[in-house]
Amino acid sequence: MSFKELLAVLEERQAGFVVLMCHRSADADSICSAYGLQGLIKRFLPSVVVEIGCPAGINKPAKTLLEYLPISVNLKPNIESAEAIVLLDMNTVEQLDEAADAVRKSVAPKIIIDHHAPNQETMQICRLCVIDDKAAANCELIYRLYAEAEVKPNLNEAKALFVGIAFDTRHFALANSPTFGILAALVAEGIDAQQTLAQFALPIDTSERIAKLKACKRAKIVQIEEWIVALSHVSAYQAPAAKALVDLGAHISAVAGKKNGKIEISLRSVRQFNEGTGIHLGTDIAAPLGEYLQGVGGGHAMASGVSGKGEIQDALKQCLTLLKQKLQMKNSTAEN
């Protein structure tokens, strides 16, 4: 899909009000990609009202963006009045929580721009799809739209795209060659990379530190062949806790938690595991685990998430079962 096609949809609909939707607990990559797209659309359709919607809230690091960049978000977007809806950095509308039904029911054309493994249900309800699960961050896809439209982002837009990429790649640890090409182009727009990274760096708060330590204390360590698997549970900060377990030495980790009767699980792995096994956490583990929990799951090859119903220990047990099955399938294929 090209930016021209996106504009064609808006013009065909004669859309005067467009909502750019960010996922639950919206992070920097989600909000910054929305901000970048907002600016690009306004270049070509200046009379259109383009609103950034975060109906399921934003996370703490992303809140810092609102202090240093002129980004305005609406926590209660008017989905019913939207004449076009763009889903950003999410592969399923379930990541909008209570707002998901309103999006499904809307007759407005829907567009998805995402860098996760595609979800068939979401693609079926979308008029246009821009999906590249090889991209390290969603802001990369937005930059490509700028390049295709032959428009340069202004300094604030360039800074936002730079920060979104930095956060989603763990300060470039997960960046690939195309990512660095985009970063170089953004820096050429006048960004001071060191100053920008320092400006948006946040100290880890006490509750997150405690969650990571609890996850380590509660971790169940399982070795499958040469791979070390860590399974744990905490009431919050599952994603940082899962990353902490991998940083400490696990090849793959799964950390679960329960909130308002719903299970949430974060999975992380090292590149060595992904390349050595060919297992994609989003499609091979998170997606089937989400189905098992009567919820949804998906994400990247080395970072994914699941939400659903059930009990924590049962969910982690099923996660381990899926992992063993995938490894057995890999071994059987190799032998044949």
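Here's the list of lysines a cross-link from LYS42 could span, going by alpha-carbon distance under 19 Å and ignoring same-chain residues fewer than 8 apart: LYS4, LYS110, LYS152, LYS159.
Under the rule a/c < 1.5 gives rounded, and otherwise a/b versus b/c splits prolate from oblate, where does the range 202-333 land using the Cα gyration tensor? Note, shape of the range 202-333 comes out oblate.
The mean sequence separation of alpha-carbon pairs under 8 Å and at least six residues apart, normalised by the residue count of the range 5-142, gives a relative contact order of 26 percent.
Restricting the range 151-248 to GluC sites (Glu not before Pro) that sit in a DSSP loop and have at most 16 other Cβ atoms within 10 Å of their own Cβ leaves GLU189, GLU225, GLU226. Full extension of the chain between GLN328 and LEU248 gives 26.2 nm of extra length, using 0.36 nm per residue less the Cα-Cα distance. Computed over protein heavy atoms with a 1.4 Å probe, the carbon and sulfur contribution to the accessible area of the range 1-117 reaches 48%. Residues of the chain were split at every exposed loop site, defined as trypsin sites (Lys or Arg not before Pro) in a DSSP loop with at most 14 other C-beta atoms within 10 angstrom, and the longest piece left, sites excluded, is 171-308. Hey, which lysines would be in cross-link range of LYS326, C-alpha to C-alpha under 18 Å, not counting anything within fewer than 8 residues on its own chain? Answer for LYS326, where 18 Å is the Cα cut-off: LYS317, listed by chain and number.
From the alpha carbon centroid of the range 195-257 to that of the range 289-304 is 18 Å.
Expressed as a whole percent, the accessible area of the range 118-230 that falls on carbon and sulfur atoms is 53 (1.4 Å probe).
Per-residue surface analysis assigns CYS129 an accessible area of about 40 Å², computed on protein heavy atoms at 1.4 Å probe radius.
Once the Cα atoms are used to define both axes, helix 177-187 deviates from the longest principal axis of the chain by about 40 degrees. Overall, the anisotropy analysis places the range 1-132 in the rounded class: the square-rooted eigenvalues a ≥ b ≥ c of its C-alpha gyration tensor yield a/c less than 1.5. Averaged per residue, the range 287-334 has 49 square angstrom of accessible surface, using a 1.4 angstrom probe with ligands and nucleic acids left out. Annotation for SER72 and LYS262: the two label points, set 7 Å from Cα along the Cα-Cβ direction, are 2.9 nm apart. Structure note, pairs LYS76/LYS243; LYS212/LYS262; LYS258/LYS324; LYS220/LYS243; LYS60/LYS262: Cα-Cα distances above 27 angstrom occur for LYS76/LYS243.
Here the label points at ILE224 and GLU148, each 7 Å from Cα along the C-beta direction, are separated by 3.8 nm in the simple model. The charge dipole of the chain, taken about the Cα centre with unit charges on the Cβ atoms of Lys, Arg (+1) and Asp, Glu (-1), comes to about 920 debye, rounded to the nearest 20. For the Cα atoms of the chain, what angle does the longest principal axis make with the long axis of helix 206-218, in degrees from 0 to 90, nearest 10? Roughly 30 degrees between the two axes. Once the Cα atoms are used to define both axes, helix 28-44 deviates from the longest principal axis of the chain by about 20 degrees.
The values are calculated or read from the model by the stated rules, or taken from the named source; none is laboratory data. Worth saying up front: this structure is predicted, and the values here are computed from it rather than measured. Counting neighbours? That spans all protein chains shown, and the Cβs are built from the backbone with ideal geometry, glycine included. Note: accessible area is taken over every heavy atom of the protein model, side chains too, but ligands, DNA and RNA are not part of it. Shrake-Rupley method; radii C 1.70, N 1.55, O 1.52, S 1.80 Å.
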